[in-house]
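Below you'll find the structure, written out as structure tokens, and then a few comments.
Please treat every number below as a calculation from the coordinates, not as lab data. What you see is a predicted model, and the numbers here were worked out from it, not measured in a lab. No Cβ is skipped: glycine too gets one built from the backbone with ideal geometry, and neighbour counts run over all protein chains shown.
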Amino acid sequence: MTEIVAMDIGGTNARFALATLVPGQAPQLSPPIKLRAADYPTLAAAFAEFAERAGRPLPRRAALAVACPVDGDILKLTNSPWVLRKSTLPAQLGLDELVILNDFAAVTQAVPHLAAGDLVHLCGPGTGLPATGTISVIGPGTGLGVGLLVRARIDGRVHDLVVPTEGGHLDFAPCDAIEDMLLARLRGRYGRVSIERVCSGPGLVNIYEALAHAEGSPVPLLDDQELWPVAIDGSNPLAAAALLRFCAALGCATGNLALAHLAGAVVLAGGIPPRILPQLQASGFAARFRAKGRFEGLMDAIPVHACIHPDPGLLGAAAAFAAAAK
């Protein structure tokens, strides 16, 4: 049995937990502590806060999931001002051993360890995850994470290979006249427009403003933190309409990625899907996911599930440490 610190550092929040690793079992997490990254100047400062709240000496081994590519020594988080240096980080945190991986690679690493109750069926066959083949893992949150899990049978045993990707930064592909207009507006603002500009937390604001423009309606400026609650509860009708549009665009992008991966299943992870399950199930998500022309039959055979595990990034970071120790 081994105990480590698991860390999941995203654009908005820094999550910490103690993880117990037992060979052949899923990692067991202590109740996580979530800190707003903006409240701390550095990861070391947030780590010190976690150590104080833990109220006990921390293990000197850790796994760190971060929201950026992890090649090279300097890590610049995609949606956060924090900059990390891999070569000096263990000493800054008082660690003897540190495994570092992309945050969405960690979420993907968690998928084999999810219990049946951690998955909610959205569309396609009501089956679980395939024993072999590819699983697309797609996560709208502060950004849009995309990972690929390859389950290969080798010498009679199934081996799980996690392939990190930056698929959330593929080009946004509009599917109707409203999305054509949305793309034109975003292109004027950003130049190139990625899927993440639409299918992420801040993307809801872009859709909301585009719908208001299409209707010729003046709307109060809202940031995504203000907009999501009123979109989900329906108290702002235009925001609720934007949320349905968000779900449809996410269905299109998810289907594109699943088709590219020739996925045997899809898992929607990230912070947003658990909050919008009714909208995902009632919107055009499933129809857009399937609408791939001659490949509609293939798409209809792909089970799509939403992950409702509260901390898949922490779970996956701990699982990655266990895998690296083998």
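Here are some notes:
- Point-charge dipole on Cβ atoms (K/R +1, D/E -1) for segment 168-307, about Cα centre, debye to 20: 360
- Counting charges near Pro27 (Lys, Arg +1; Asp, Glu -1) among other residues having Cβ under 12 Å from its Cβ returns a value of -2.
- Relative exposure of Met181, Met299, Met7, Met1, judged by other C-beta atoms within 10 Å (fewest first): Met1, Met181, Met299, Met7
- Once both labels are positioned 7 Å from their Cα atoms along Cα-to-Cβ, the gap between Asp300 and Asp96 label points is 5.8 nm.
- Stretching Leu277 away from Ala45 to a fully extended chain increases their span by 80.0 nm, per 0.36 nm per residue minus the current alpha-carbon distance.
- Computed about its Cα centre, the charge dipole of the chain is approximately 440 debye, with only Lys, Arg, Asp and Glu carrying charge at their Cβ.
- For segment 168-307, the alpha carbon convex hull comes to 106 Å³ per residue, rounded to a whole number.
- Database remark: amide H of Phe172 closer than 5 angstrom to the amide H of Val193, Ser194, Ile195 (H placed geometrically; neighbours at sequence offset of 5 or more, or on other chains; Pro and chain starts carry no H).
- The HN-Hα couplings worked out from phi for segment 149-160 by the Karplus form 6.51 cos²θ - 1.76 cosθ + 1.60 (θ = phi - 60°) are 9, 10, 9, 10, 8, 10, 6, x, 10, 8, 10, 9 Hz, whole numbers, x standing for Gly and Pro.
- The residue among Met181, Pro202, Pro57 whose Cα reaches farthest toward the positive pole of the charge dipole of the chain, with charges on the beta-carbon of Lys, Arg, Asp and Glu, is Pro57.
- When both bridge partners sit in the chain, DSSP labels roughly 70% of those beta bridges antiparallel.
- Between His121 and Lys34, full extension at 0.36 nm per residue minus the direct alpha carbon distance yields a gain of 28.6 nm.
- Estimated distance in nm for a label pair at Glu215 and Arg187, the labels positioned 7 Å out from Cα along Cα-to-Cβ: 2.6
- Tilt relative to the chain, helix 224-233 - C-alpha long axis, 0 to 90 degrees, to 10: 70
- Residue among Gly271, Val22, Thr12 farthest towards the positive dipole end of the chain, charges placed on Cβ: Val22
- Computed magnitude of the charge dipole of segment 42-189 (debye, nearest 20; Cβ of K, R +1, Cβ of D, E -1): 280
- Along the axis of the charge dipole computed for segment 1-132 (Cβ charges of +1 for Lys and Arg, -1 for Asp and Glu, origin at the Cα centre), the listed residues Pro31, Ala46, Thr88 are led at the positive end by Ala46.
- Val22-Leu259 FRET efficiency (beta carbon distance; Förster radius 22 Å; 0.05 resolution): 0.05
- 3J(HN,Hα) from dihedral phi, segment 182-195, Karplus parametrisation 6.51/-1.76/1.60, rounded to Hz, x for glycine, proline: 4, 4, 4, 5, 5, 5, x, 8, 10, x, 6, 10, 8, 4
- In terms of packing, defined here as the mean over residues of other Cβ atoms within 10 angstrom, the peptides 202-215, 239-252 line up highest first as 239-252, 202-215.
- By the rule of a C-alpha distance below 18 Å, with chain neighbours fewer than 8 residues away ignored, the aspartates and glutamates paired with Lys86 are Asp8, Asp71, Asp73, Asp96, Glu97, Asp103.
- Near the amide H of Gly201, within less than 5 Å, lie the amide hydrogens of Gly141, Thr142, Gly143, all on another chain or at least 5 residues away, with H placed in the peptide plane.
- Axis of helix 312-325 versus longest Cα principal axis of the chain: the two differ by about 40°, to the nearest ten degrees.
- Under Karplus coefficients 6.51, -1.76 and 1.60, residue-wise ³J(HN,Hα) of segment 30-44 in Hz, glycine/proline x: 6, x, x, 10, 10, 10, 6, 4, 5, 7, 10, x, 9, 4, 4
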